[in-house]
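Written below as structure tokens is the structure these notes are about.
The values are calculated or read from the model by the stated rules, or taken from the named source; none is laboratory data. Not measured: the values here are computed from a predicted model. All Cβ positions, even for glycine, are placed from backbone atoms using ideal geometry, and neighbour counts span all protein chains on display. For accessibility, only protein heavy atoms count, side chains too; no ligands or nucleic acids. Shrake-Rupley method; radii C 1.70, N 1.55, O 1.52, S 1.80 Å.
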Amino acid sequence: MANPNDATPQVRDNGRAPKSAKSTKSTGTQSKGVRQSMSDLHTWAGLLVGWLLYAMFLTGTVSYFKEEISQWMRPELAHQQQVPDPAAVSQRVATTLATLADGTTQWSVQLPTARSNLASAFWRTPPGSAQKGMFQEGVFDPATGHAVTARDTLGGEFFYRFHFQFYYMPVMWGRWLAGLCAMFMLVAIVSGVITHKKIFVDFFTFRWGKGQRSWLDAHNALSVFGLPFHLMITYTGLVTLMTMYMPWAGEVALKSAAQRQEVAAQLNAFIRPGKRQGVAAPLANVDRMVREAQARWGENNVLRVTVTNPGDASARVAVSRGEALRVSVSPQYLLFDGVSGKLLETHDHVGGAAETRGVLYALHMGRFGDLPARWLYFIVSLAGTAMVGTGLVMWTVKRRQKLPDPMRPYFGFRLVERLNIASIAGLSIAMTGYLWSNRLLPVALPHRADTEINAFFAIWAATLLYALVRPAKRAWIELLWLAAALLALLPVLNALTTQRPFWRSVAQGDFVFAGFDLMMWALAALHAALAWRTATHRPREKAAGKRATATLPQEEEA
Amino acid sequence: MVGLTLGLCVMAFAFLALGMERHQQAVLGRALDAGRTRGFRIAGWCALVITLRMIVGEAGWAMGLVYYAGCTSLAAGIVYGAILWRQRARA
């Protein structure tokens, strides 16, 4: 059944008997079955944005552990034994912000959780301030409420932001580009499912050492096993930014500002500052309000505290609910009068449409997940990354056999081949390089966080240059080995440059740092295995005539 | 709870794989008769349904479906790897 050599080179209609006289007569490219068209669509939709998709997938995958990455990148902050009391932390940060963000019309602080040992805040730039931009942001030590004394870094947040808005370009452009890629991904998934004609029969099939056939089997397995996730993550990815991608319905339907505000209140707990009364009034203690929220939702289930017009009689305080085990990001918050501290409104449900979006959004972010759920997300998402990666590589594997002169491939082939090397092997090196730069750059360096990010892109660009000048196979092997070495040595670098080497983390029960080191070694092993397989791979030699007949039926299924 | 779900899913997919002739050859070295093949298939599908019922009963629909989707994906991958390993060991 699976013998690719038994088919004639004629293009078949889904492998079944030809349906009409027309399709029997025409051979070659004239008449194509649905599967063949879908296969072409799948190939080109996947290839065109494949490199960006791979980067989005991988940075998105690691973002499921962005809090842990951020912890690792701020080694000065001690391992958090237990979650600090949200009420006390919010009051400490409120005190700091009263001076740091004096005159602001709004500040908001996200409280530490079991996974994050920081309180991170943003505030509107006070009117008349010398600072640029609409918002300022900062991270604060939960124990003191002061700005953290750790090294300046964006931490895991960088991977997260890159995942949907890239870098070195206006945020909105990046998000549009990400949306475009996600749309292509959706097309690739649907057309891929239609193209794959034996999802159930070939469910567990892997044919070892069969060149293109093996790549296809691997690509299919990675795609099919995680299909529910891949479909969900792509669709919900589009949903997270849907009001930006498709604003028109809202613009037409919502006439007044009040209506728009009402809809916004259904989507998130981001309250806007109201009109100032111009009467100075001190902000009431926020810890009492947070305690009220704790009584309602649980001790450590408070996500953030947002204050508008602090210091004015019109001040409002919103305390929003945490996301643990709640598969929805729909806003649930308590609104207090900021001066008297009286509870004004309780928002604990939204309309059906808003809730649907809240659930889809939450599914994408996975922030509700406990540890097992997060690992499942991470593993299946990693399979998705490999799905994109194998798809990209397969484009070249499939065409290499048919090159007229394998020594001198045409321009498009060389381009795809080199971009594959830089975007797959190169990205691993760049991401690891970002972590290396976190440990190697001087702690007091000005613009340190930006320098780390610039290092990431410089390293990535260097891998592209390297891929362009080396023979393709050598470039694959060398860059994969380099990635493996950098990953394997990162825990060593960490042991040399911080007070938190692996053995001490284990002894102290610090599973964030110990787990990070173990993960680096696991990923190093993965890269080493890939490098070793690539190095020992011997392409099969085939007679030219036999090859021509053998590749066609395979192509239909690709 | 998630561990048990994963284990049951691995079992279910192993049954489903044994309900296919190609993998019977790879794992057992011989093809099973039609009755047993059908038996494995039914057992596999039943195990998948029962596991879903169990995890949704334990964790509710929202978290239950998330765990279930993750566990089925991972379990299929584990069974896939195991078949491949058996196949290589035999070859």
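Holding the Cα-Cα limit at 21 Å, pick out from A:LYS210/A:LYS473; A:LYS32/A:LYS198; A:LYS275/A:LYS342; A:LYS255/A:LYS342; A:LYS32/A:LYS398 the pairs that are longer than that.
From the list (A:LYS210/A:LYS473; A:LYS32/A:LYS198; A:LYS275/A:LYS342; A:LYS255/A:LYS342; A:LYS32/A:LYS398), the Cα-Cα distance tops 21 Å for A:LYS255/A:LYS342.
Using the beta-carbon distance between B:ARG36 and A:ALA529 and R0 = 45 Å, what value does 1/(1 + (r/R0)^6) give for FRET efficiency, to the nearest 0.05?
Here the calculated transfer efficiency is 0.80.
Straight-line reach from A:LYS402: which aspartates and glutamates have a Cα under 16 Å away, not including same-chain ones fewer than 8 places off?
Leaving aside aspartates and glutamates fewer than 8 places away in the same chain, those within reach of A:LYS402 are A:GLU417, A:GLU541, A:GLU555, A:GLU556.
Let's see if you can work this out: charge +1 on each Lys and Arg Cβ, -1 on each Asp and Glu Cβ, no other charges. What is the dipole magnitude of the stretch A:402-558 about its Cα centre, in debye to the nearest 20?
580
From the mean inverse distance of alpha carbon pairs (Kirkwood) and the Cα radius of gyration, derive Rg over Rh for the stretch A:402-558.
My calculation of the ratio gives 1.12.
How large is the helix-only mean residue ellipticity at 222 nm for chain A, computed as the sum of -39500 (n - 2.57) over DSSP H runs with n ≥ 4, divided by its residue count, in deg cm²/dmol to the nearest 500?
Mean residue ellipticity at 222 nm (helix-derived): -19000 deg cm²/dmol.
Let me confirm one metric for peptide A:201-209, namely the mean number of other chain beta-carbon atoms within 10 Å of its residues' beta-carbons.
Partner-chain Cβ atoms within 10 Å, mean over residues of A:201-209: 5.
For A:ASP102 and A:LEU465 in the same chain, what is the full-extension length gain: residue separation times 0.36 nm, less their Cα-Cα distance, in nm?
Fully extending the segment from A:ASP102 to A:LEU465 adds 125.9 nm.
Which is the longest part of chain A that has none of the chymotrypsin sites (Phe, Trp or Tyr not before Pro) sitting in a DSSP loop with at most 11 other Cβ atoms within 10 Å?
The answer is A:209-409.
With a 1.4 Å probe and every protein chain left in place, work out the accessible area per residue of the stretch B:2-90 in Å², rounded to a whole number.
51
Keeping all protein chains in the complex and leaving out DNA, RNA and ligands, what accessible area do you get for A:ILE194 with a 1.4 Å probe, in Å² to the nearest 10?
The value for A:ILE194 is about 60 Å².
Any idea how far apart A:VAL443 and A:LYS210 come out in nm if each label point goes 7 Å out from Cα toward Cβ?
Distance between label points: 5.8 nm.
Are there any residues in the stretch A:361-395 with a reduction of at least 50 Å² in accessible surface when going from the isolated chain to the assembly of protein chains? Probe 1.4 Å, please list them by number.
Residues of the stretch A:361-395 that lose at least 50 Å² of accessible area once the other chains are added: A:LEU376.
At a probe radius of 1.4 Å, figure out the B/A buried accessible area, summed over both chains, and give it in Å² to the nearest 100.
Looking at B and A, the buried total is near 2000 Å².
Need one value for A:318-325: mean number of C-beta atoms belonging to other chains within 10 Å of its residues' C-beta atoms.
1
As a test of reading the structure, rank A:ASP102, A:ASP217 by solvent-accessible area (1.4 Å probe, protein chains only), most first.
Largest accessible area first, the residues go A:ASP102, A:ASP217.
Enter the mean number of other protein chain beta carbons within 10 Å of the beta carbon of each residue in A:226-239, as an integer.
Mean shielding count: 2.
At 7 Å along the Cα-to-beta-carbon direction for both A:VAL279 and A:THR536, put a label point, then send me their distance in nm to one decimal.
Each label point lies 7 Å from its Cα, and together they span 8.0 nm.
Tell me which of A:PHE411, A:VAL469, A:MET431 sits at the most positive position along the dipole axis of the stretch A:364-484, charges placed on C-beta atoms (Lys, Arg +1; Asp, Glu -1).
Farthest towards the positive end: A:PHE411.
What nm value, rounded to one decimal, do you get for the distance between A:ALA295 and A:LYS342 when each label is placed 7 Å out toward the C-beta?
1.7
Rounding to the nearest 10 and keeping the result within 0 to 90°, find how far the Cα-based axis of helix A:448-469 lies from the longest principal axis of chain A.
Approximately 10 degrees, to the nearest 10.
Please state the charge dipole magnitude for the stretch B:1-64, taken about the Cα centre, from unit charges on C-beta atoms (+1 on K and R, -1 on D and E), reported in debye and rounded to the nearest 20.
Using Cβ point charges on Lys, Arg, Asp and Glu, the stretch B:1-64 gives about 180 debye.
What size of dipole, in debye to the nearest 20, comes out for the protein assembly as shown about its Cα centre when the only charges are +1 on Lys and Arg C-beta atoms and -1 on Asp and Glu C-beta atoms?
2680
For chain A, find the longest principal axis of its Cα atoms and tell me its angle to the long axis of helix A:86-100, 0 to 90°, nearest 10.
In chain A, helix A:86-100 runs at an angle near 80 degrees to the longest axis.
For the charge dipole of the stretch A:158-309, defined by +1 on Lys and Arg C-beta atoms and -1 on Asp and Glu C-beta atoms about the Cα centroid, which residue among A:GLY250, A:PHE204, A:ALA284 has the Cα displaced farthest towards the positive pole?
A:GLY250
In terms of the Cα gyration tensor, with a ≥ b ≥ c the square roots of its eigenvalues, is the protein assembly as shown rounded because a/c is under 1.5, prolate because a/b exceeds b/c, or oblate?
It comes out prolate by the Cα gyration axes.
Per residue, how large is the accessible surface of chain A? Use a 1.4 angstrom probe and give square angstrom.
Per residue, chain A has 48 Å² of solvent-accessible surface.
For the pair A:ALA324 and A:LEU48, what calculated FRET efficiency results from E = 1/(1 + (r/R0)^6), where r is the Cβ-Cβ distance and R0 = 56 Å, to the nearest 0.05?
For R0 = 56 Å, the calculated efficiency reads 0.90.
Report the accessible area of A:GLU355, computed with a 1.4 Å probe over the heavy atoms of all protein chains in place, in Å² rounded to the nearest 10.
70
First measure r as the distance between the Cβ atoms of A:GLN131 and A:ALA88, then evaluate 1/(1 + (r/R0)^6) with R0 = 30 Å and state the FRET efficiency to the nearest 0.05.
That gives a FRET efficiency of 0.55.
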